[in-house]
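Structure first, commentary second.
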Amino acid sequence: MSKPQLFTPIKVGGSVLANRIVIAPMCQYSALDGQMNDWHVMHLGSLAMSGAAMLTVEATAVAPEGRITYGDVGLWDDGTEAAMARTLDSVRRWSDMPIAVQLAHAGRKASSDLPWHGGAQIPPGQPNGWQTLGPSAVPITEGDHPPTALDRGEMDRIRDAFAASARRAARIGVAAIQIHAAHGYLLHTFLSPLSNRRNDDYGGSLENRMRFPLEVFDAVRGAFPADRPVTVRVSATDWVEGGWDVGQTIDFAKALGERGCDAINVSSGGVDPRQSIPMGPGYQVPLARAVKQAVPSMPVVAVGLITDFEHAEAIVATGDADMIGLARTVLYNPRWPWHAAAHLGAQVRVPNQYLRSQPRQHAMLFENGG
């Protein structure tokens, strides 16, 4: 029987991943002043034993005002860098899984309460609240406190903050960077005509709306070691008429490819509350397929309600995408890759301490891990 495609290696930039399963960034809202703590050691440590090929740290703010909530992780100063270094060192002591970091700025979706406290936006001047920023002074919903429209100097500051965070990530041994340009956060709001109402060189035409996200990509790529991948996460469509769509995403992906982007992670939505999303298993896979067909040389990651082993294998085997990203699925079942390997007749690495858990009916499916 041929080896399942889901468990074949893949080259991404200067790195080779052991299989096609990557763990997507998942916000934990549990940092203090941007600094990771023991919760992150437990959370990431568990996922680092999953058998996936790469683990991505949650949306990591490049500036304090770029956090979604006051509990978000950051990488903007020596304190946040030291806290992340301690956390990653603890995980790496027992796992050799490559660890990536998603660098982000929440833009107008910042200054929000924790999800389990309702997640509402906190106005500036209130405890744990601050003034949000965006390409234009357009609030997310009518009645919300509007963001401040960024001027050129503030845009330069944010671009440079992305680069500075990339240098910090390199210094603490991060294996790859993902730039967050999806889900209604700052870079996505520059891309979408629903949120970008500028009348300068950064608004209006598609070329103009892509300009600032591409400047950020160039800054990050220039600040991060050339042999380590820099990738981008996009929302392929706003799911709102007149908004960002697949055709524009393809143009953006081509522009990123010309600049050396090593992979693109295809998600959707998040910029407008009017979005109408046809939820269902693999509902975003057609978006990944469209991007893959347009940029065949760039690895594409499909995400979104991928829970079934055969479905995941089919996505990769048919060429709809090169990899799958797991988020809620792997929170619910942190050993999903183990079970997928057993089901499909493949092999994954597990810690030596867990080798005795190998099911007898799946003999030789586990490799000794580091």
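The values are calculated or read from the model by the stated rules, or taken from the named source; none is laboratory data. Computed from a predicted model, the values in this text were never measured in an experiment. Here Cβ is always computed from backbone atoms with ideal geometry, including for glycine, and neighbour counts include all displayed protein chains.
The figures follow:
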quantity	calculated
In the stretch 298-319, residue nearest to residue 333 (Cα to Cα) [restricted to those that are hydrophobic (A, V, I, L, M, F, W, C) and assigned to a helix (DSSP H, G or I)]	309
Tally of residues being of a type outside the set (A, V, I, L, M) and under 15 Å from residue 182 (Cβ atoms) across the stretch 273-282	1
Qualifying residues in the stretch 238-278 (those that are touching a Gly at 6+ places or on another chain (Cβ under 7 Å) and assigned to a loop (DSSP other than H, G, I, E, B)) - the one nearest to residue 25 (Cα to Cα)	270
Which numbered condition residue 266 fails, given (1) touching a strand residue (DSSP E or B) at 6+ places or on another chain (Cβ under 9 Å); (2) among the aliphatic types (A, V, I, L, M); (3) farther than 17 Å from residue 188 by Cα	(3)
Members of the stretch 248-296 that are of a type in the set (Gly, Ala, Ser), touching a helix residue (DSSP H, G or I) at 6+ places or on another chain (Cβ under 7 Å) and farther than 30 Å from residue 139 by Cβ	260, 282, 290, 294
Some residue of the stretch 145-162 being farther than 28 Å from residue 214 by Cα and at pLDDT 95 or above	no
Filtered residues of the stretch 20-32 (kept if in contact with a helix residue (DSSP H, G or I) (Cβ under 7 Å, 6 or more places away or on another chain) and either crowded, with 20+ Cβ neighbours inside 10 Å or more than 30 Å from residue 316 (Cα to Cα) (or both))	20, 21, 23, 29, 30
Some residue of the stretch 47-70 being among the polar types (S, T, N, Q) and in contact with an Asp or Glu (Cβ under 7 Å, 6 or more places away or on another chain)	yes
